[in-house]
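Presented below is the structure to which this report refers.
The values are calculated or read from the model by the stated rules, or taken from the named source; none is laboratory data. Just so we're clear, the structure is a prediction, and the values are computed from it rather than from any experiment. As a convention, Cβ positions derive from the backbone with ideal geometry for all residues, glycine included, and neighbour counts pool all protein chains shown. Heads up: the accessible areas ignore ligands, DNA and RNA and are worked out on the full protein's heavy atoms, side chains in. Shrake-Rupley method; radii C 1.70, N 1.55, O 1.52, S 1.80 Å.
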Amino acid sequence: MNVQNNNDRAEWLQGPPAVCSVKPGEARTPWRLVLLGAPGVGKGTQADLLHQRLGACHLSTGDVFRAAGSRSDCDQTPAMRAAVEYMRRGALVPDLTVWEMVRERSGCIGCRGGFLLDGFPRTLVQAEALKQYMETEHLALTAVVDYELPLEEIVARLSGRRTCEKCRSVFHVSSLPSGDQAPCPRCGGKLYQREDDRPESIAVRLEAYRRSTAPLIQFYKNLGLLVSVAATGSPDEICDRTIAALESAVAARS
Ligand code: AMP
């Protein structure tokens with residue numbers, strides 16, 4: 001099954017009044033998923049693969065802040081400028097700013113194509129805000145996938161991660177023939193290390209995860225929505241495992 005659409009996610013990445021170039025097809029039962037897991041566990045890669053298989057859009061709050069960070073200062077609201085500064089330090093952006101940003105893009109939450117939320121919610125306050133909003137709109141999450149990986153592997157993945165300036169593809173230095181200095185194997189563009197993947201930011205991000213995001217596992221377990229998936233093996237293996245786990249969770253409920 002491959003239901004990828006060519007949606008550029010303009011409504012999500014740029015916010016209103018931007019509109020997506022192609023709307024995702026209306027799914028009969030849209031997948032509305034939250035992807036949880038520590039930074040570096042591979043949620044972004046999985047969201048891209050799941051998008052190809054399930055059709056739902058990859059909605060990453062980190063992508064919105066990075067897109068804002070690459071705009072000129074005068075094109076940013078003061079709240080967004082402050083949010084980008086938190087991101088650069090590896091700290092969490094305040095809940096109110098994050099929720100206002102998501103609320104502004106609520107069309108993506110209600111989209112009939114479904115969604116794959118990556119990096120949101122990240123605190124109990126954000127999870128409650130999403131739950132209340134979805135209840136008001138008579139929407140329901142299909143499931144919450146929690147990707148599990150040992151801490152040492154998370155640190156190794158984050159510190160070796162490189163992103164292409166041009167096509168945004170993500171690689172690990174260990175997979176590149178000339179290591180750190182290699183050009184992008186996909187388009188030849190320059191690879192760079194995300195500012196928040198530097199050692200000093202990694203420590204801050206992992207601590208923020210432990211303190212603020214890990215409690216969401218219990219929150220969603222209590223709601224009967226949690227599906228745990230081991231994030232070991234190749235991206236395709238993890239994606240197959242995710243879809244099998246989701247299908248069996250959905251079947252068990254019906
Ligand atoms: P990510 O790409 O999901 O790792 O996010 C990159 C950075 O953006 C995080 O380290 C935070 O600084 C910020 N960020 C993204 N999503 C959120 C969120 N839901 N709550 C608070 N900060 C966030």
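Here are a few things to note about the model shown:
- Being open to solvent by 70 Å² or more (accessible area, probe 1.4 Å) and not in a helix (DSSP H, G or I) is a condition met by no residue of the range 225-238.
- Matching option when the condition is over 11 Å from the mean Cα position of the chain (by Cα) and modelled with pLDDT of 90 or more, among R71, R88, R32, R28: R32
- The requirement of being exposed (fewer than 15 other Cβ atoms within 10 Å of the Cβ) and within 15 Å of the ligand (Cβ to nearest atom) is not satisfied by L124.
- Criterion violated by Y209 - all others in (1) in contact with a Lys or Arg (Cβ under 9 Å, 6 or more places away or on another chain); (2) farther than 13 Å from V41 by Cβ; (3) of a type in the set (F, W, Y) satisfied: (2)
- Subset tally (residues that are farther than 18 Å from L158 by Cβ and touching a residue at least 12 places away in the same chain (Cβ under 8 Å)) for the range 231-252: 9
- Qualifying residue in the range 70-78 (condition: within 22 Å of A18 (Cα to Cα) and touching a residue at least 12 places away in the same chain (Cβ under 8 Å)): no
- Hey, Q46 touching a residue at least 40 places away in the same chain (Cβ under 8 Å), open to solvent by less than 10 Å² (accessible area, probe 1.4 Å) and within 25 Å of H172 (Cα to Cα) or not: yes
- Checklist (1) without any contact (Cβ under 8 Å) to a residue 12 or more places away in the chain; (2) surrounded by fewer than 14 Cβ atoms within 10 Å (Cβ to Cβ) applied to P183, failing item: (2)
- Within the range 21-54, tally of residues that are out of contact with any Lys or Arg (no Cβ under 9 Å at 6 or more places or on another chain), away from the ligand (no atom under 13 Å from the Cβ) and of a type in the set (A, V, I, L, M, F, W, C): 6
- Only residues that are small (G, A, S) and under 14 Å from T61 (Cα atoms) were counted across the range 17-49, and they come to 2.
- Any hit, the range 150-165, residues being open to solvent by less than 60 Å² (accessible area, probe 1.4 Å), part of a loop (DSSP other than H, G, I, E, B) and without any contact (Cβ under 8 Å) to a residue 40 or more places away in the chain: yes
- Annotation: of all residues in the range 55-97 being polar (S, T, N, Q) and surrounded by 18 or more Cβ atoms within 10 Å (Cβ to Cβ), the one that is farthest from the ligand (Cβ to nearest atom) is S60.
- Failed condition for D118, given (1) of a type in the set (D, E); (2) in contact (Cβ under 8 Å) with a residue 40 or more places away in the chain; (3) more than 13 Å from the ligand (Cβ to nearest atom): (3)
- For the range 127-149, the set of residues classified as open to solvent by less than 50 Å² (accessible area, probe 1.4 Å) and more than 12 Å from the ligand (Cβ to nearest atom) consists of Y133, M134, L139, L141, T142, A143, V144, V145, D146, Y147, L149, listed by residue number.
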